[in-house]
1. How large is the Kirkwood hydrodynamic radius of the stretch 411-505, in angstrom, based on all distinct alpha carbon pairs?
2. Counting only protein heavy atoms and using a 1.4 Å probe, what share of the accessible area of the chain belongs to carbon plus sulfur, as a whole percent?
3. FRET efficiency for Glu541 and Leu812, Cβ-Cβ distance as r, R0 = 60 Å, nearest 0.05?
4. Let me check I've understood the local charge: for Leu638, count other residues with C-beta under 11 angstrom from its C-beta, Lys and Arg +1, Asp and Glu -1. What total comes out?
5. With a 1.4 Å probe and all protein chains kept in place, how do Arg268, Arg772 rank by accessible area, largest first?
6. Please state the relative contact order of the chain as a whole percent: Cα pairs under 8 Å, 6+ residues apart?
7. Rounded, prolate or oblate: which fits the stretch 570-665 when a ≥ b ≥ c are the square roots of the eigenvalues of the alpha-carbon gyration tensor, with rounded for a/c under 1.5 and prolate only if a/b beats b/c?
8. Considering only Gln752, Ile728, Val714, whose Cα is most displaced toward the positive end of the charge dipole of the stretch 622-761, charges sitting on Cβ of Lys, Arg (+1) and Asp, Glu (-1)?
Amino acid sequence: MGRTCPALFRSLAATAFCIVGFLLFCSFTASPLEAAEPSSRNLDSGWQFRVVTNTDRSDVKEWHPATVPGVVQTDLLHSGLIPDPFDRDNEFRLQWVGLADWEYQTRFQVDAATIGHDHVDLVFEGLDTFADVYLNDQAILHADNMFRRWRIPAKATLKPGPNTLRIIFHSAVEKMIPYVKSLPYILPSISTHNYGNEENIATAPYTRKAPYNYGWDWGPRFMTEGIWQPVRLETWDALRIENFHIHQQNITADLANVTAEVEIEASRPTTATLTLAHDEMSGPQAVDGAQTLQLNAGINHVSFPVRIARPKLWYPVGYGAQNRYRFSAQVRIGPDVAAHAETKTGLRSVELRRVADQWGKSFEFVVNRISVFAKGADVIPFDSFPNRVTPEIHRGILQSARDAHMNMVREWGGGYYESDDFYDICDELGIMVWQEFMFGGDMIPGDVSFQENVRQEAIDQIKRLRDHPSIVVWCGNNEVETGWWHWGDRQEFKASISPDTRDRVWQDYVIMFADILRSAVTQYADPTPYTPSSPSANFEEIPDNQHNGDMHYWAVWHQQAPASDYTKQFPRFMSEFGFQSFPEMRTLHAFANKPEDFDIRSTVMQAHQKNKGGNERILTYMLREYREPKDFASFVYLSQVQQAEIIKIGAEHLRRQRPRTMGSIYWQLNDCWPVASWASIDYYGRWKALHYYARRFYDDVLISPFLHDDKVDVYVVSDKLQPLSGTIHMRLLDFSGSVLLEQTKDIQIPAQSSAIYFSVDKAAVLAKGDLRKSFLVFDVEVAGKRVSRNLIFFEVTHDLELPVAPEIETTLSKTGGDYSVTLQSSKLARNVYLSFGDLNVEAADNYFDLLPAESVTIRLKSSATVEQIKAALTTRSLTEAFGSN
């Protein structure tokens, strides 16, 4: 034994060495093969907050529960520490909140298995705005942009057991004031026109924060702070997919050539296999193939060409179906799935066509080789506090847009980039999105750090949103360019600085919007087009003109020009025009509760009117057209009728001008709080008169008589892709329904057209009836069905001898689960408004003209009983709103 033990030992040792060596070899070469897929964990619970700057409020110095995602104002509200910011004039009393610094904190458990992963990252989808982030009291991030996404390696800072994540948010105003004061000049800003504690120093141009937070002429000033987007802890080992995108290179009805672009971050060099598949959002997947990858450590960009024969294309509503595809990417290392990703998109070609023609240069959207007349409205943020906006709120407003035959919304650049569900809903409904970068009207600084901050913001947002087929254009900003050329405060600023400084400020603008953002769109969003501003002529000439680029027209309203001036504008694309009204009384009662509040000059009503002199301007216009309202409720009703009638003039004129004009986008669709504004849908989702009108003037087929120069030109406009055979029926009626003149004409309506089909001389009408006691009715019928109706009155409303308080008979009925109300009057009843008090009742139509002896049946939708609806139903017509004089 003694002689053989050393040899045996040597043999065993060698064997053991080989085994250990083999295992070590396997551990180094195979560890990625055994790695799990990336996983994430939301860090949205256990948060608390407190103030960290000096304040007399001892109650906010203590810890209170916080909601993530959220902002400090809603956290204070939920804890009963502030009153409702929207109630009465509380806005003015709550400005201290946005001038303070706030601390947020949570504790979370981490086990050894989590820390054992190769990578553990903290991901912040959005921090508002200046935020110092500490993990276990170690600084890991100093954020300075509300719109950016932050990924921070946290493995080295985490520990097994409890961990503390702490964030200090600094007031965006107070933090920036010392910096702005140190500059040789201060850029002018819209925010200085909206009170605040900035010593009248504009900090907004230097801060990457939602511009509307600083206040706007329809919205309050609430300087939000907080963790406004989700936070999560992500673990990964061998690799992760950073981004998955379908680059649409050439799309036709016969063939879609796309490239799947996969951005992979790998821990170390390795060999992997990428498999790609797609389906039509349901049913079996079609495997597009597999590709062997040699990945390097770090970021890898992988392209995978895909051909889809006879693709099902995505179209705007009214032009085809909203087909979408789901693509999936799977990355394997050996037999194991290391990561996978999915994305949805709709296949379509899109072009912003700008070519020379007889009117200047066109501005029209072409989708799948079809020219589309854009019909829609501008969209602002849906709440002053974005964490309160739900997918249900988005769907309600966007469905209402589609119900009004809108095919485009302009996502205005003074808010924030909307959440994914907003664009998903637009994809589903076929609503095109004009997407702006978040610059609301201020000139911008030109320092490199600011430019690089914005560049990364743009990359983050483009990558997040670029697979939505609804986004048909990226726009650099709202009104910054036209402001530089046309606004009074910009002219004063230019006069106050040297010519060299003026040139520098302009070049800073050009670098940002002609280079940085344009390049980002070209690189990451191709082939979706880019335009540098709204309005803009793409730097070819001064913007906001009628022959090149899009146009904003505000002489009606801001300059108190008559509504008829809309018909003197011939833009290539109108992306803003608007007129204000009050929301309905039920909405006003949400913030006003004293009798003295219900006066346009009361403190509360002025607090909920953000355009200086706006309430008085509504009344000024009102008295031009109507008689004086008899009370406040009548004023509110008339304000809505007036808004609807004025925007109708503009929208119908723009539609009549196709193909010279190829877009009518009115300001604005929605509100961010209860307010007198330009919106057609109020904060609570309630349709104003304008939205009911929009459903008529944006319908695919429109009869639009135009009174001018003592004659009426009778237009029919069609957005249909097929020609139509129809009949125009014209009647001259007196207010009791007697037919004084009648004419019928059969017509052929070409596809996508606008034309005059006949004219009526005013003299011929005057020969048959008194212009103060009669009106023209125009109907167009297709296949025996009336598809559009319009009326013409020859005198200003206050000069018409309209029937006073015409008696309207109403009959309520229920068939199955559906309600309807039938209305009839022996005399003309204009702008009939159905109201249901505090009941939630959706009427299929409202604010309509009830012709003598013609019944109208309106569908109703409500969870209330027949008895409740019958008891609550009231009607109001135009003359009932007038006083006795």
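1. Taking every pair of different Cα atoms in the stretch 411-505, averaging 1/r and inverting gives 15.2 Å.
2. Details: 17360 of 34870 Å².
The computed percentage sits at 50.
3. On the way: r = 58 Å, r/R0 = 0.97.
Efficiency, rounded to the nearest 0.05: 0.55.
4. Within the 11 Å Cβ shell, the charges total -2.
5. The residues order as Arg772, Arg268, largest area first.
6. Rounded, it is 9 percent for the chain.
7. The shape class here is prolate.
8. Farthest towards the positive end: Gln752.
The values are calculated or read from the model by the stated rules, or taken from the named source; none is laboratory data. A quick note: this is a predicted structure, and the numbers were derived from the prediction, not measured. Neighbour counts run over all protein chains shown; Cβ positions are idealised from the backbone, glycine included. Note: areas computed on protein heavy atoms with side chains; ligands, DNA, RNA excluded. Shrake-Rupley method; radii C 1.70, N 1.55, O 1.52, S 1.80 Å.
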